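S.K.: Let me begin by handing over the structure; questions about it come next.
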Amino acid sequence: MSFTITIDKRKVLVDEGCTLIDAAADNGVFIPNLCYTRGKPCLGTCRVCSVRVNGKVTAACTVPVQPGMVVDVNEPEVAEMRKLLVEALFSEGNHNCPSCEKSGRCELQAVAYEVEMTASPFPYRFPKREREDAADHIFLERDRCIFCQRCVEHVRDEETGQAIFAIHGRGTKARIEIDVGLANKLTPEQVHAAAELCPVGCILEKGVGFEDPMGSRKFDVKSLRRRMLEGETS
Amino acid sequence: MTLDSVPKEVIFSHDMPAKALDPELRKAREAKVQIATISLCGCWGCNLSLLDTDEALVDLLDKVHITRSSFTDIKRIPGQIAVGLIEGGVANDENIETLEHFREHCDILIATGACAIWGGVPSMRNMHGLEACLREAYVDSPTRPVQSAPVVPHHPDIPKLTKKVYPVHEVVQIDYSIPGCPPDGRTMFKVIDDLLSGRGFSMPPDFNRFD
């Protein structure tokens, strides 16, 4: 069943049961996000897709569309808040784009471009989180993790369904951990998929890197905005 | 040694007697928008990016006059100017002095490049601490002359290192930032041209680059 909702003062037709973030994308309204993957269960961890729904700020990936819903996406105050959320992520970890292999394919970087971030107003923390290289085919650059939990929820052992990644500790001491035994059972394709699923340069494939030169990388060729509006899943 | 303690008979290069400028040339220069650039703890790559605007730079020079910069080798900003471009982060007390001099004399101060914005490559020392870095470079260095005692360079004329490398906006108020390592020449040109034309600062996604 279809009904109309209002996004940025424009009436649009949406399908029942659809998530607000997908409904907006289908109607040409881009909402940046870092933890949501189209077609996969919602995580609601990053809050970067925050919009105003019927006057209250909420994450667009967590809201199923309802008839008559009034949504503000690009209203300046909400847009500024999303920008601040992204800027906070940049100061919380070590996001050294010039030295990162993921640069140009990194969703955090692409989202920062979309929200027109130039510098983070927050003090940079420069956390020290040790790199993990025990797995045969995966590097874990822990200081780049934004704790979106995509890998925790969506990358699992095929036989047992057991999680391979987990977050250890809380607050400033939190860090991403990997089950080396289960990770070593992953096929090269699954390792590649896990690295692609990571929205930052935290999960990296060993033995490959800098495949595409600058100008030909994923988001150089086609922006994140265009990819999302065209319904690409990752 | 501070500037005040320099003996009176010492003449700085910017105080050297010079032939007076042709009055018309001086008038033409003063009519243009005055710009200054500097690199603090950076690699001068952002300044090179400004040169990388190629022929657009010729058009730009019709509208702006570059005062203090590496291109002109002028050491002090003469009076109040419109725009200052800062490259590099803050890593020693000389950087702080220069940055404050720029803030005092520039109406608009722009941080250019990753080092000015968040510390960049030099700020990788923040994860290890200053002492560990100096120890690695001068005491435990494999290339240190074995016959001499290990010495960490220290002299009143050598700027004191700050414990951490800081983004420039953590030291003075910064008006705008141009990301990139280095920023693209066309992005630098766009920002300056926008400001000169009264369009204000904007960094649309297709101009924004962090690497």
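The values are calculated or read from the model by the stated rules, or taken from the named source; none is laboratory data. As the structure is a prediction and not an experimental result, all values here were calculated from the model. Don't worry about glycine lacking a Cβ; one is built from the backbone with ideal geometry, like all the others, and counts go over all protein chains shown. Ligands, DNA and RNA are stripped out before the accessible areas are found, and what is left, the full protein with its side chains, is counted by its heavy atoms. Shrake-Rupley method; radii C 1.70, N 1.55, O 1.52, S 1.80 Å.
S.K.: Could you figure out which of (1) outside any helix (DSSP H, G or I); (2) buried (at least 18 other Cβ atoms within 10 Å of the Cβ); (3) of a type in the set (A, V, I, L, M) isn't true of A:V57?
M.R.: (2)
S.K.: Considering only the range B:160-188, state which residues are open to solvent by 50 Å² or more (accessible area, probe 1.4 Å), over 23 Å from A:S91 (Cβ atoms) and more than 11 Å from chain A (Cβ to nearest Cβ).
M.R.: B:K160, B:R186 - these are the residues of the range B:160-188 that are open to solvent by 50 Å² or more (accessible area, probe 1.4 Å), over 23 Å from A:S91 (Cβ atoms) and more than 11 Å from chain A (Cβ to nearest Cβ).
S.K.: Next question. How about the range B:117-168: which of its residues are over 29 Å from B:C181 (Cβ atoms) and of a type in the set (D, E)?
M.R.: B:D140, B:D157 - these are the residues of the range B:117-168 that are over 29 Å from B:C181 (Cβ atoms) and of a type in the set (D, E).
S.K.: Would you pick out the residues in the range A:60-85 that are polar (S, T, N, Q) and outside any helix (DSSP H, G or I)?
M.R.: Within the range A:60-85, A:Q66, A:N74 meet the criteria.
S.K.: While we're here: Go over the candidates B:L109, B:L85 one by one and state the one that is open to solvent by less than 30 Å² (accessible area, probe 1.4 Å) and over 17 Å from B:L51 (Cα atoms). Write out each step before concluding.
M.R.: Numbers: B:L85 fails: over 17 Å from B:L51 (Cα atoms).
Going through B:L109, B:L85 in turn, just one is open to solvent by less than 30 Å² (accessible area, probe 1.4 Å) and over 17 Å from B:L51 (Cα atoms): B:L109.
S.K.: Checking A:Y113 against (1) of a type outside the set (D, E); (2) in contact with a His (Cβ under 8 Å, 6 or more places away or on another chain); (3) assigned to a helix (DSSP H, G or I), which test does it fail?
M.R.: Condition not satisfied by A:Y113: (2).
S.K.: Could you grab me the full set of residues in the range B:1-28 that are open to solvent by 90 Å² or more (accessible area, probe 1.4 Å) and touching a residue at least 24 places away in the same chain (Cβ under 8 Å)?
M.R.: B:M1
S.K.: Taking into account only those residues within the range A:97-137 that are open to solvent by 10 Å² or more (accessible area, probe 1.4 Å) and aliphatic (A, V, I, L, M), which is farthest from the other protein chains (Cβ to nearest Cβ)?
M.R.: Among those residues, the one meeting the criterion is A:A134.
S.K.: If the requirement is being open to solvent by 70 Å² or more (accessible area, probe 1.4 Å), more than 14 Å from chain A (Cβ to nearest Cβ) and not charged (D, E, K, R), which of these qualifies: B:P142, B:P153? First the steps, then the outcome.
M.R.: Numbers: B:P153 fails: open to solvent by 70 Å² or more (accessible area, probe 1.4 Å).
One residue alone meets the criteria, B:P142.
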